[in-house]
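**Student:** Quick one: the structure is below, and I'll ask about it shortly.
The values are calculated or read from the model by the stated rules, or taken from the named source; none is laboratory data. Everything numeric here is computed off the predicted structure, so don't read it as measured data. Neighbour counts run over all protein chains shown; Cβ positions are idealised from the backbone, glycine included.
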Amino acid sequence: MDGWTVDIDAVGDADSAGDDFAERLEEFGRELERYGGAVAGDDEHGRYGARFSIDTDSVNPVEVLEQGLDIFHDAAANAGMPPWQIVACEILTYAEDDAQSDADE
């Protein structure tokens, strides 16, 4: 089975992040574990994002992006992350992601 690597970032008002932002960010990571996910947030608590994998035979990037956004939103909501604006999305096939990683080395 082939698949895609998905990167999504959300940005919002740090004042709305809450005192437990770091704990919810950890839970967000746990929500994405089944997708090989990793999450990150900035020190000011005004941005968070995730990188994860979707195993699929689909070659339609629109379908994959929609699926990735659904996964991101569901995991973020389950973790109690703020429902902030998505500001960046990138999807790469596994082959293209590997090629970029090789080029970066």
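**Student:** Does the range 65-83 hold any residues that are of a type outside the set (A, V, I, L, M, F, W, C) and over 16 Å from R34 (Cα atoms), and which are they? Give the derivation first.
**Tutor:** Looking only at the range 65-83, we keep the residues that are of a type outside the set (A, V, I, L, M, F, W, C), and these are 66-68, 70, 73-74, 78, 80, 82-83.
Across the range 65-83, the qualifying residues are E66, G80, P82, P83.
**Student:** Also: Is it the case that I54 is among the β-branched types (V, I, T), out of contact with any Pro (no Cβ under 7 Å at 6 or more places or on another chain) and over 19 Å from V11 (Cβ atoms)?
**Tutor:** Working: among the β-branched types (V, I, T): yes; out of contact with any Pro (no Cβ under 7 Å at 6 or more places or on another chain): yes; over 19 Å from V11 (Cβ atoms): yes.
Against the criterion (among the β-branched types (V, I, T), out of contact with any Pro (no Cβ under 7 Å at 6 or more places or on another chain) and over 19 Å from V11 (Cβ atoms)), I54 qualifies.
**Student:** A follow-up question, please. Assuming Q100 fulfils every condition listed in (1) of a type outside the set (D, E, K, R); (2) in contact with a Leu (Cβ under 9 Å, 6 or more places away or on another chain); (3) surrounded by 13 or more Cβ atoms within 10 Å (Cβ to Cβ) apart from one, which condition is it?
**Tutor:** Evaluating Q100 over (1) of a type outside the set (D, E, K, R); (2) in contact with a Leu (Cβ under 9 Å, 6 or more places away or on another chain); (3) surrounded by 13 or more Cβ atoms within 10 Å (Cβ to Cβ) leaves (3) as the failure.
**Student:** Mind telling me which of the residues R30, R24 ends up being in contact with a helix residue (DSSP H, G or I) (Cβ under 8 Å, 6 or more places away or on another chain) and more than 29 Å from D2 (Cα to Cα)?
**Tutor:** R24
**Student:** On the basis of being without any contact (Cβ under 8 Å) to a residue 40 or more places away in the chain, surrounded by 18 or more Cβ atoms within 10 Å (Cβ to Cβ) and not charged (D, E, K, R), does H73 make the cut?
**Tutor:** Here the answer is no, as H73 does not meet what is asked.
**Student:** Within the range 49-80, track down each residue that is within 29 Å of D20 (Cβ to Cβ) and either touching a Leu at 6+ places or on another chain (Cβ under 7 Å) or modelled with pLDDT under 95 (or both).
**Tutor:** Hits for the range 49-80 are A50, F52, A75.
**Student:** Within the range 86-105, how many residues are more than 26 Å from H73 (Cβ to Cβ) and either among the hydrophobic types (A, V, I, L, M, F, W, C) or in a helix (DSSP H, G or I) (or both)?
**Tutor:** Of the range 86-105, the ones more than 26 Å from H73 (Cβ to Cβ) are 95, 98-99, 101-105.
Next, from what is left, pick out any that are either among the hydrophobic types (A, V, I, L, M, F, W, C) or in a helix (DSSP H, G or I) (or both): 95, 98-99, 101-104.
Count: 7.
**Student:** If I filter the range 8-43 down to residues being assigned to a helix (DSSP H, G or I) and not charged (D, E, K, R), which single residue comes out as surrounded by the most Cβ atoms within 10 Å (Cβ to Cβ)?
**Tutor:** Once the filter is applied, the top-ranked residue is F28.
**Student:** Looking at the structure I just gave you, is D57 of a type in the set (D, E, K, R), more than 9 Å from the chain's Cα centre (by Cα) and over 13 Å from P83 (Cα atoms)?
**Tutor:** Against the criterion (of a type in the set (D, E, K, R), more than 9 Å from the chain's Cα centre (by Cα) and over 13 Å from P83 (Cα atoms)), D57 qualifies.
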